[in-house]
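Here the structure is laid out as structure tokens; the discussion comes afterwards.
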Amino acid sequence: MSDFILKEINKIFKERFGEPGCIVRSPGRINLMGEHTDYNLGYVLPAAIDKAIFIAIGKREDELIHLHAGDLHESYQSSIALLEKSDKQWPNYVLGVADQLKKNGYILSGFDAVIMGDVPLGAGLSSSAAVECATIFALNHLFQLGLDRKKMTLLCQKAENEFVGLQCGIMDMFASMFGKKDRLIQLDCRSLEYQYIPFEANGISIVLFDTGVKHSLASTEYNVRRQECEKAVALIRKKYPHVTSLRDANIEMVNNCLAGGDQKIFRRARYIVQEIDRLEKGCEDLAKGDLAAFGKKMFDTHEGLSQLYEVSCVEADALVSMVSTNPGVIGARMMGGGFGGCTLNLVYNEALESTLASVGEAFEKLFSRELKYYLVKIDEGTSVIG
């Protein structure tokens, strides 16, 4: 698929703008554990995947920005001198990055760009972060800005927070930028220290079942969850002043300070504190090669996301329930910000065919529509490929 996109994006760019200055590939991501913990400054466990966004880019002599989304067959024009939010969502990921570079004193001229990819949109695989990372990597290369990966990652997060308007954490951009083949990234979202955890999926398939429910994370609920966590921290700090995020709290603090009050705030905090602890123990499972224990924790994560954090949906709950007693499935959970997207499943290869058939049949019977699924592999992070 990548070769096809590379040829296609080259062709479109040449027809519209001439020869590209460079072409960049930036992958989507999965996250095996640690959901919604990133903006609570906890740990996450993502990986880059073999589905990616590609951007072909070239300098202009003027200040105009000409963008074309090859998959959507849509074009958009702006100017480096006047970067304003678009009514269409997709240009904002590019414009937001240019806006951050300008605000930080980097000199850009106008540019032409064509964007294409095979990251399924709205499936919780962070296509938006991949667009941002591809854009900043391409602009950094094109204009020789001298940015390192960490700085580019932080600027992409700010672009999403300030221009797009989603108060997301750092995980999606970090996974896209720092991904390595056959490695998970155990990332400390407070210090940005990280280590690579080997995950050579011999005999295991990573399967994403698509709920078919498109989520827009910039919708209010995602930002509401962040505000609820901040309220929990403010209440805990009254008794434990050193707690500056839920990363600093433990379950005893949560019970002591929140159990008698707003039950919604109590549930949110319980989930986050439990999930940060679960991820640390899950990494110990992986170090010991105990996939069964890790898989059980994935199911526990889903239950927390559904019951305590309340970001799941009927379809995701059903899909996880359908595989919960299947001996061929090691672990499963909803993935991404929630309210739709995909469930992530670790499935033994010998059980793959029967699992796809049984879950597909059950899903169609329950929801009267065909179940889409994606097989993904863990792959390299953002890079210049042409």
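Karplus-derived 3J(HN,Hα) values for the range 12-21, using 6.51 cos²θ - 1.76 cosθ + 1.60 with θ = phi - 60°, are 5, 4, 4, 5, 8, 10, x, 7, x, x Hz; glycine and proline are entered as x. Placing +1 on the Cβ of every Lys and Arg and -1 on the Cβ of every Asp and Glu, with nothing else charged, gives the range 305-386 a dipole about its Cα centre of roughly 80 debye.
Counting only residues at least eight positions apart within a chain, or on another chain, the aspartates and glutamates with an alpha carbon under 12 Å from that of K103 are E162. Counting only Cα atoms, the chain measures 61, 53, 39 Å along its principal axes, largest extent leading. For L32, the amide hydrogen comes within under 5 Å of the amide hydrogens of L45, A47, counting only partners 5 or more places away or on other chains and with H modelled in the peptide plane.
How large is the translational diffusion coefficient of the range 209-310 in µm² per second when you combine the Kirkwood radius over alpha carbon pairs with Stokes-Einstein at 10 °C and 1.306 mPa s? Calculated translational D: 107 µm²/s. Taking a ≥ b ≥ c as the square roots of the eigenvalues of the Cα gyration tensor, an a/c ratio of 1.5 or more together with a/b larger than b/c marks the range 20-154 as prolate. Under a no-solvent Debye model with one identical scatterer per Cα of the range 275-386, what's log10 I(q)/I(0) at q = 0.14, 0.19 Å⁻¹? At q = 0.14, 0.19 Å⁻¹ the computed log10 ratios are -0.63, -1.07.
Remark on R183: its backbone amide H falls under 5 Å from those of F199, a criterion applied only to residues 5 or more positions apart or on other chains, H modelled at 1.01 Å from N.
Ordered by solvent-accessible area of protein heavy atoms (1.4 Å probe), largest first, the residues E221, E228, E19 come out as E19, E221, E228. Distant-in-sequence amide contacts of G212, defined by a placed amide H-H separation under 5 Å and a gap of 5 or more residues or a different chain, comprise G341. Taking the range 290-309 and a reference point 7 angstrom along Cα→Cβ of E284, no backbone N atom is nearer than 12 Å. When the Cα positions of G260, N349, T301 are compared along the charge dipole of the range 224-359, G260 comes out farthest toward the positive end, with charges on each C-beta of Lys, Arg, Asp and Glu.
Charged side chains reduced to their Cβ positions (Lys and Arg at +1, Asp and Glu at -1) give the chain a dipole of some 800 debye around its Cα centre. In summary, the aspartates and glutamates within cross-link reach of K14, defined as a Cα separation below 15 angstrom excluding same-chain residues under 8 places away, comprise D112.
When N counts the residues of the range 76-193, how does its alpha-carbon radius of gyration compare numerically with 2.2 N^0.38 Å, as a ratio? Spell out each step's value before the answer.
Details: Rg = 13.9 Å, N = 118, 2.2 N^0.38 = 13.5 Å.
Taking N as the residue count of the range 76-193, the ratio is 1.03.
Stokes-Einstein diffusion for the range 205-255 at 20 °C, viscosity 1.002 mPa s, with a Kirkwood radius from C-alpha pairs, works out to 159 µm²/s.
FRET efficiency for R226 and L192, Cβ-Cβ distance as r, R0 = 25 Å, nearest 0.05? The pair R226/L192 has a calculated efficiency of 0.85.
In order along the range 258-272, phi translates into HN-Hα couplings of 10, 4, x, x, 4, 5, 5, 5, 4, 5, 4, 5, 4, 4, 4 Hz, rounded to whole numbers, per the Karplus curve 6.51 cos²θ - 1.76 cosθ + 1.60 with θ = phi - 60° and x for Gly and Pro. Listed by chain and number, the lysines placed with their C-alpha closer than 22 angstrom to that of K88 are K102, K158, K214; residues fewer than eight positions away on the same chain are left out. Couplings 3J(HN,Hα) for the range 308-314, derived from phi with the Karplus relation 6.51 cos²θ - 1.76 cosθ + 1.60 (θ = phi - 60°), are 9, 8, 6, 10, 7, 9, 4 Hz, where x marks Gly and Pro.
Across all Cα atoms of the range 162-242, the radius of gyration (one decimal) and Dmax (whole number) stand at 17.3, 50 Å. Rg and Dmax of the range 169-209, based on Cα coordinates, read 11.8, 34 Å. Averaged over its residues, the range 41-87 has an accessible area of 45 Å² per residue, based on protein heavy atoms and a 1.4 Å probe. In the context of the full set of protein chains, residues of the range 291-341 present 31 Å² of accessible surface per residue (probe radius 1.4 Å, heavy atoms only). Taken over the C-alpha atoms, the range 1-98 has Rg and Dmax values of 16.4, 46 angstrom. The fraction of accessible area contributed by carbon and sulfur in the chain is 48 percent, rounded to a whole number (1.4 Å probe; ligands and nucleic acids excluded).
Provide the per residue accessible area, probe 1.4 Å, for the range 206-279, rounded to a whole number of square angstrom.
Details: 3400 Å² over 74 residues.
For the range 206-279, the per-residue accessible area is 46 Å².
Taking the Cα centre of the range 34-102 as origin and assigning +1 to Lys and Arg Cβ atoms and -1 to Asp and Glu Cβ atoms, the resulting dipole is close to 100 debye. Pairs with C-alpha atoms separated by more than 22 Å, drawn from the list K7/K150; K151/K281; K150/K181; K7/K59, are K7/K150; K151/K281.
The values are calculated or read from the model by the stated rules, or taken from the named source; none is laboratory data. The structure displayed is predicted, hence computed values, not measured ones. Note that we place each Cβ from the backbone using ideal geometry, even for glycine, and neighbour counts take in every protein chain shown. Ligands, DNA and RNA are stripped out before the accessible areas are found, and what is left, the full protein with its side chains, is counted by its heavy atoms. Shrake-Rupley method; radii C 1.70, N 1.55, O 1.52, S 1.80 Å.
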